[in-house]
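J.: Before I ask anything, here is the structure I am working with.
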Amino acid sequence: MPLSAAAADSSAVNSAPVYELTNVGKTYARNLVIALEGVSVTLHRGSFSSVIGSSGCGKSTLLKIMAGLIPPSTGRVVLQDQPVTGPRRDIGMMFQQATLFPWRTTVENIVLPIEIRDGRAAAVKAKDRAHELLDVVGLKGFEDVYPNELSGGMAQRAAICRMLITKPAVLLLDEPFSALDELSRDMMNMELQRICAEQHATAFLVTHSIAEAVILSDHIYVMKPRPGRLAEVVTVDLPRPRTLDMITTPKFGSLVDYIRGLLDKGEAL
Amino acid sequence: MQETVWVEEVSFLDRVPRSVSMTFVFAVFVGLWQLSTSLGLVSPIILPTPGETFKDLVFVGKNLLSGDYMLLALWITVKEVIYGFALAIFIGFSLGVLVGETAFGERAIMPYLVAIDTMPKVAFAPLFVAWLGFGIESKVALAAFIATFPIVVGTAAGLHAADENARMLFKTMGASRMQTLIKMKLPMGLPQMFTGLKIGAVGVMAGAITGEFLGGGKGFGELIRVAASQLNTPRVFSLILYLSLFGLALYALVTWTQRRVVFWHKASVGGSDD
């Protein structure tokens, strides 16, 4: 298996790094817990990467650092040649819960990031783009519906639109579909792949599911706990677009087995 | 094959429409009342007959409609309640935001509020009279004093209602503290705030009437007090009934506003708690 994070990726998009983390560490000094140690991540434009690991491996800490929500203790965090020192509009984020606000219609929820950053007038102008995005995710006709009337999968589609409205350079996805049932989850993963390809998005996904990581990613950052660090970066060279049928191929199976092996080793430590 | 059709059993009482069962309970209540008075079980001074009470209800109703002295008294009480409620909303909301939004408020102010809230607030009535006199000011003060605390608690609880995801989302969007408060925490806390307002609406009535009992004046509470001292029990009953109609109207106003404002909240719209 290829190990280098900087390995030329299979997506064949130009390989300029969008997001670079070098030797990032995080220590919670108060109780002397090392949450993260020497983690380096490189995200290339248009690539899809995942981070996988058991709970306590520091993947949420890593994601929070990448989102500019918490500062790292050591290392460099550089997005589009600018060090990340706080939340930024070129970072889009999505969580396990859609977190749509029930007093706003779908389209009003989607333009919320614009309203926060640029004010109400800009948000009104952004509604056209919101309509386009709703079309992209297959929610056309639900613009003026309140979130109570959306299903879980539809709500996450709307959350994708809200993430994309500011045209972020990187998408940080924190187990975005893990609250959905398995059928919707598979479907949403395929949708996510399609949307990311259409938008030429650079995505970074936190997941608990090996299969999900393999089906979506070009690179998988496998982490191990105590202290949270990288075990290996696995490159997935399955052709694109990926389909759910690939799950049954031997190549897919061997990748899953390999990653499971890495994770088990991490657990044993 | 035979169809598996069967009827789920619902008890007779559960099938009766609400209006019918309510009328039924009312009829039983009046019947028992009539019975106990006509059998002479209770002295007419303590408990008048339903007929007498009804006659007095009509009398008081006519007086109110003709704009006589009772309407003037009611108007004074209504003013006390409205001013008291407005004051309680203003102070309660401000304190609630201070307590719910700032660490200082939660640590340094909330304990004192809890301490005062546990006191029997009616006991402060003589103080308010001493400070503000026998006019409506002392009644407004007591009414507001009683209604403020549930509004503080409702507002503070509402501001804590926002979940971790929503907070994180606003952080990633780079929202300022003010934006987070106005665009997320306050709207999200509206259901709890309205619960506080409803408790406050009940308290503000009690406060105004208690204030009138203890501090005199020319309000509806004074009418009740005078009627009671003259052992005019039917009058006391009918005055209380009209007063509670006003209380009900105030409560309904709050509920109506809640339905309008918090249209997105199921329990607020469904009316399970009103």
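J.: Testing B:A228 on (1) of a type in the set (G, A, S); (2) over 26 Å from B:Y112 (Cβ atoms); (3) within 14 Å of another protein chain (Cβ to nearest Cβ), one condition comes back false. Which one is that?
T.: Just one mismatch for B:A228, condition (3).
J.: Can you go through B:V254, B:V261 and tell me which one is more than 14 Å from every other protein chain (Cβ to nearest Cβ) and among the β-branched types (V, I, T)?
T.: Residue meeting the stated conditions: B:V254.
J.: Please determine whether any residue of region B:187-199 is free of Cβ contacts under 8 Å to residues at least 60 places away in the same chain, within 14 Å of chain A (Cβ to nearest Cβ) and either under 29 Å from B:A144 (Cα atoms) or part of a helix (DSSP H, G or I) (or both).
T.: Yes.
J.: Right, another one. As an exercise: evaluate A:P87 against (1) within 13 Å of chain B (Cβ to nearest Cβ); (2) surrounded by 19 or more Cβ atoms within 10 Å (Cβ to Cβ); (3) closer than 30 Å to A:A29 by Cβ and give the number of the one condition it does not meet.
T.: The number of the failed condition is (2).
J.: For A:S50, state whether it is at negative phi, hydroxyl-bearing (S, T, Y) and buried (at least 19 other Cβ atoms within 10 Å of the Cβ).
T.: yes
J.: Further question: Among B:V236, B:V226, which is within 21 Å of the chain's Cα centre (by Cα) and assigned to a helix (DSSP H, G or I)?
T.: Only one candidate qualifies: B:V236.
J.: Would you check which residues across region A:216-265 are closer than 28 Å to A:H200 by Cα and charged (D, E, K, R) and list them?
T.: A:D218, A:E232, A:D237, A:R240, A:R242, A:D245, A:K251
J.: Now for a different question. What's the number of the only condition in (1) of a type outside the set (D, E, K, R); (2) in contact with a Phe, Trp or Tyr (Cβ under 8 Å, 6 or more places away or on another chain); (3) at pLDDT below 90 that A:Q97 fails to meet?
T.: (2)
J.: Hey, can you tell me all the residues within region A:40-61 that are away from chain B (no Cβ under 14 Å) and more than 12 Å from the chain's Cα centre (by Cα)? Let's see the steps before the verdict.
T.: Within region A:40-61, the subset away from chain B (no Cβ under 14 Å) is A:40-59.
Scanning region A:40-61 gives A:S40, A:V41, A:T42, A:H44, A:R45, A:G46, A:G53, A:S54, A:S55, A:G56, A:C57, A:G58.
J.: Which is closer than 30 Å to B:G154 by Cα and charged (D, E, K, R), of B:E8, B:E80?
T.: Working: B:E8 fails: closer than 30 Å to B:G154 by Cα.
One residue alone meets the criteria, B:E80.
J.: Mind telling me which of the residues A:I65, A:I70 ends up being touching a residue at least 40 places away in the same chain (Cβ under 8 Å), more than 11 Å from chain B (Cβ to nearest Cβ) and under 24 Å from A:T207 (Cβ atoms)?
T.: The conditions single out A:I65.
J.: Do you know which residues across region B:90-119 are of a type in the set (D, E, K, R) and buried (at least 17 other Cβ atoms within 10 Å of the Cβ)?
T.: Passing the criteria: only B:E101.
J.: Moving on to the next point. Please tell me if B:L159 is crowded, with 18+ Cβ neighbours inside 10 Å, touching a strand residue (DSSP E or B) at 6+ places or on another chain (Cβ under 8 Å) and at pLDDT 90 or above.
T.: no
J.: Return the residues of region A:125-159 that are among the β-branched types (V, I, T) and at pLDDT below 90; say none if nothing qualifies.
T.: The answer is A:V136, A:V137.
So that you can scan it fast, the table gives a plain yes or no per residue for (1) at pLDDT below 95; (2) under 30 Å from B:E101 (Cβ atoms); (3) in contact with a His (Cβ under 6 Å, 6 or more places away or on another chain); (4) aliphatic (A, V, I, L, M):
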position	(1), (2), (3), (4)
B:N165	yes, yes, no, no
B:M173	yes, yes, no, yes
B:M188	yes, yes, no, yes
B:V202	yes, yes, no, yes
B:G211	yes, no, no, no
B:G216	yes, no, no, no
B:L223	yes, no, no, yes
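J.: For region A:91-160, list the helices (runs of 4 or more DSSP H) that sit wholly inside it and hold at least 1 residues that are within 14 Å of chain B (Cβ to nearest Cβ); which are they?
T.: Where helices (runs of 4 or more DSSP H) fall fully within region A:91-160 and carry at least 1 residues being within 14 Å of chain B (Cβ to nearest Cβ), they are A:106-110, A:112-118, A:120-125.
J.: In addition: Among the numbered criteria (1) within 18 Å of the chain's Cα centre (by Cα); (2) within 14 Å of another protein chain (Cβ to nearest Cβ), which single criterion is violated by A:V78?
T.: Result: A:V78 fails condition (2) only.
J.: Another question, if that's okay. Could you list, in sequence order, all residues of region A:68-84 that are buried (at least 21 other Cβ atoms within 10 Å of the Cβ) and part of a strand (DSSP E or B)?
T.: Within region A:68-84, A:L79 is the sole residue that qualifies.
J.: Are any of the residues in region A:3-21 modelled with pLDDT under 70, of a type in the set (A, V, I, L, M, F, W, C) and touching a Pro at 6+ places or on another chain (Cβ under 9 Å)? Can you show your working first?
T.: Kept after step one, since they are modelled with pLDDT under 70, are these residues of region A:3-21: A:3-15.
So of that shortlist, the ones also of a type in the set (A, V, I, L, M, F, W, C) come out as A:3, A:5-8, A:12-13.
Now narrow it down to the ones that are touching a Pro at 6+ places or on another chain (Cβ under 9 Å): A:6.
There is at least one residue in region A:3-21 that is modelled with pLDDT under 70, of a type in the set (A, V, I, L, M, F, W, C) and touching a Pro at 6+ places or on another chain (Cβ under 9 Å).
J.: Which count do you get for residues in region A:33-47 that are surrounded by 18 or more Cβ atoms within 10 Å (Cβ to Cβ) and closer than 22 Å to A:P225 by Cβ?
T.: Summing the residues that are surrounded by 18 or more Cβ atoms within 10 Å (Cβ to Cβ) and closer than 22 Å to A:P225 by Cβ in region A:33-47 gives 5.
J.: Among the residues in region B:51-59, are any over 24 Å from B:L239 (Cβ atoms) and of a type in the set (S, T, Y)?
T.: Scanning region B:51-59, I find no residue that is over 24 Å from B:L239 (Cβ atoms) and of a type in the set (S, T, Y), so the answer is no.
J.: Need the failing condition index for B:M168 against (1) within 14 Å of another protein chain (Cβ to nearest Cβ); (2) buried (at least 17 other Cβ atoms within 10 Å of the Cβ); (3) under 21 Å from B:F93 (Cβ atoms); (4) of a type outside the set (S, T, N, Q), just the number.
T.: Just one mismatch for B:M168, condition (3).
The values are calculated or read from the model by the stated rules, or taken from the named source; none is laboratory data. Given the structure is predicted, the values throughout are model-derived calculations rather than measurements. Ideal geometry is used to build each Cβ from the backbone, glycine not excepted, and the neighbour counts take in all protein chains shown.
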